[in-house]
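Just so it is clear, none of the values below were taken in a lab; they were calculated from the coordinates. Just so you know, these numbers come straight off a predicted model, no measurement behind them. Cβ atoms come from the backbone with ideal geometry, glycine included; neighbour counts cover every protein chain shown.
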Amino acid sequence: MAQELITMTPKEISRYEAIRRLIKKEINGTEASKQIGLSIRQTKRIKAKVKKHGIKGVIHSGRGKQGNRKLPEDKVKQVETIIKERYYDFGPTFAKEKLEEEHGIEIGKETLRLLMIDWQSWQPRPRKKNKEYRAWRQRKEEFGEMEQFDGSYEHWFEDRAEPCCLLASIDDAKGEITGLKFVIWEGVKNGFQFWQEYFVKHGKPLSIYLDRHSTYKQNQKSVFDDPKALTQFQRAMEIDLEIKLIHAHSPQAKGRIERLFGILQDRLIKELRLAGISTIEEADQFVEKVFIPKFNAKFAVKPQKKGNLHKSLTKWEKDNLDKIFSVQTKRTVTNDFTLKHQGKWYQLGQIQPTLVLKRDKVLMEERIDGTMFISLRGKYLDYVVLPKRPKKVNQTKVIALTRTKPSWKPPADHPWRRPFILKPSERYQTSSVAANGS
């Protein structure tokens, strides 16, 4: 008679030895349960199985049998077909969500992960060994206490359009996306437009955590530590709106916005592909109406304290928001009352709401929409854009620009019209008149 071959693990062999000693009454139930690491009740059950089935009693009865929750083969084939056709570059978690949302197929994340590895549709990433120690920073306590902000250049529309930049902000306390906007590049005007829309919707946060991009901070060595050397972004936020800017010294310091872009570069790119979106305008509407609400519902966390620390815009800030978010530079009025800015020449009108003198310093305000405003002492000046550079003049009859055009003209013999240096004949006549008069 052939002997039956039984395979056992070292753990099962150790467990059988303890149960055997328990049956022989060499040890009691309490001691046996401590040796095999199970409760007394479970130890008694194994003891009963060993008495009935012998050494097989310590072997799990489900070994070698098909699991009760094993997926049917037809369902596995269906999932494989869908994954390879539509979600070939998705991760297991995101693919699981799409199978439930779009196809009504429920499957475990770990089950799908193993299947996708077997299909060679996904490869697990090796764990990075980071030897550098970094302390974890606790989240802020309330919504609006700090916003993390950054921009990411990526092929957001894959090969359907050119690469562009995505500006994003995430609340530090809730982990909630508070703003997404696609732009051509991470410039000051695009940054202004992002935050102008943010303030209208949410109000002003107490602080903004961002990097040291040249748009947000002066990086020249000569003015790096000069508190008066501000970028347009710093001037608008810190001076005009009194919002604290915190500049990170490393990407890891603002880890929440960096991790957000990691998720967006995976999920958002695929969502835009599935929605057939290939333009910035369509993408902005999609993220506002569809993606952000879904993302926040899934990933946002509960803050430590209930409340909203966003400050409402004051009446002055609301009325001057376009002025605050403008590129402001100072220019000097020339002798012919013209100004040059970015290769263009501007001629000031003869009638102005305030007195304008030569060599006055005026403020040029280039708004987000490209319109130009010129102000002096809180008044906006009238001007026209010249088609080309004006001709140089040695002398102009106009000495200042005022509210009204002067109507009185001095006569020809008026002292104002006399030259300061007289001719010799005139000097002689003047001295003779003076002598006769005496």
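Worth pointing out:
- Each Lys and Arg adds +1 at its Cβ and each Asp and Glu adds -1 at its Cβ; summed about the Cα centre, the stretch 3-162 shows a dipole of about 2320 debye.
- Simple Cβ-charge dipole of the chain, Lys/Arg +1 and Asp/Glu -1, about Cα centre, in debye nearest 20: 1560
- Centroid-to-centroid, using Cα positions, the stretch 342-403 and the stretch 194-210 are 33 Å apart.
- Cα gyration tensor shape of the stretch 10-58, rounded if a/c is under 1.5, else prolate or oblate by comparing a/b with b/c: rounded
- Mean Cβ neighbour count within 10 Å, used as a protection proxy, ranking 60-69, 334-343 highest first: 334-343, 60-69
- For the residue pairs Lys217/Lys298; Lys294/Lys323; Lys323/Lys361; Lys84/Lys181, alpha carbon separations beyond 24 Å are given by Lys217/Lys298; Lys294/Lys323; Lys84/Lys181.
- For the stretch 73-118, Kirkwood radius (reciprocal of mean inverse C-alpha pair distance, Å): 10.3
- Table column - 3J(HN,Hα) (Hz), the stretch 323-329, Karplus curve with 6.51, -1.76, 1.60, x for Gly and Pro: 6, 4, 8, 10, 7, 9, 9
- The Cα atoms of the stretch 1-106 define a convex hull whose projected area, averaged across directions, is 11.5 nm².
- For Gly179, the residues whose amide H sits under 5 Å from its own are Ser169, ignoring neighbours fewer than 5 places away on the same chain, with H placed 1.01 Å from N.
- Here the dipole of the stretch 10-58 is about 260 debye; that uses its Cα centre as origin and unit charges on the Cβ of Lys and Arg (positive) and Asp and Glu (negative).
- Charge-dipole axis of the chain as Lys and Arg at +1 and Asp and Glu at -1 on Cβ define it, positive-most pick from Asn308, Gly179, Ile23: Ile23
- Inverse of mean 1/r across different Cα pairs in the stretch 166-270, Kirkwood, Å: 14.8
- Measuring between their Cα centroids, the stretch 233-291 and the stretch 61-126 lie 31 Å from each other.
- Positive-pole candidate from Thr338, His53, Gln350, dipole of the chain, charges at beta carbon: His53
- Selection from Ser278, Ser39, Ile324, by position along the positive dipole direction of the chain (Cβ): Ser39
- Built amide H within the under 5 Å cut-off of Lys311, gap 5+: Lys204
- Taking packing as the residue-averaged number of other Cβ atoms within 10 angstrom, the listed peptides 168-175, 103-110, 149-156, 367-374 run from highest to lowest as 168-175, 149-156, 367-374, 103-110.
- Three-way shape call for the stretch 289-403 based on the alpha-carbon gyration tensor, with the a/c threshold at 1.5: prolate
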